[in-house]
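Right, one structure below, let's go through it.
Laboratory data are not the source of any read-out in this text; all were calculated from the coordinates shown. Everything numeric here is computed off the predicted structure, so don't read it as measured data. As a convention, Cβ positions derive from the backbone with ideal geometry for all residues, glycine included, and neighbour counts pool all protein chains shown.
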Amino acid sequence: METTTKTLLPELYRVVDANINRLKEGIRVIEDIARYSYDNQELASALKTLRHQTPVDNRERLLAARDSTRDVLRQSRASEMYRADIDSIIIANFKRAQESARVLEEIYKLTSLELSEKFKTMRYELYKLEKDSNIAL
């Protein structure tokens, strides 16, 4: 597997920044619900470990690329504003984190197969944790 990292294309730093934030935020929401609402130490700990394993490469470049005020999809959709119950929050955030891990996996195929595999591993761990958490779909 490739160990050297090529430089990301400038237009991809914003994509990476948004998806790292989305990944970590989604995991954190589930982690806090598992920890504080369900007192589920096993799930909360697994999520915390996964969140802390999220690689953040070139933080300065990512911050420089961030432009949340001009995000063309910044406005929330009606479907994003409503959650039926706590399980729907958990499901939405598992999906958010999984989708972000997939985007990062694909982007890093351009520059670092090592990072691409790291995000793929995280995605599959999220699939496992979602299944193991016994949330009704």
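If you place +1 on the Cβ of every Lys and Arg, -1 on the Cβ of every Asp and Glu, and leave all else neutral, what size is the dipole of the chain about its Cα centre, to the nearest 20 Debye? Let's see the in-between values first.
Values: 24 positive and 23 negative charges, 59 e Å.
Taking the Cα centre of the chain as origin, the dipole is about 280 debye.
Can you return the aspartates and glutamates within cross-link range of LYS118? Criterion is Cα-Cα under 17 Å, with same-chain partners fewer than 8 residues away left out. Leaving aside aspartates and glutamates fewer than 8 places away in the same chain, those within reach of LYS118 are GLU2, ASP17, ASP57, GLU99, GLU105, GLU106. Where only DSSP H runs of four or more residues are counted, the chain gives -20000 deg cm²/dmol as its mean residue ellipticity at 222 nm, each run worth -39500 (n - 2.57).
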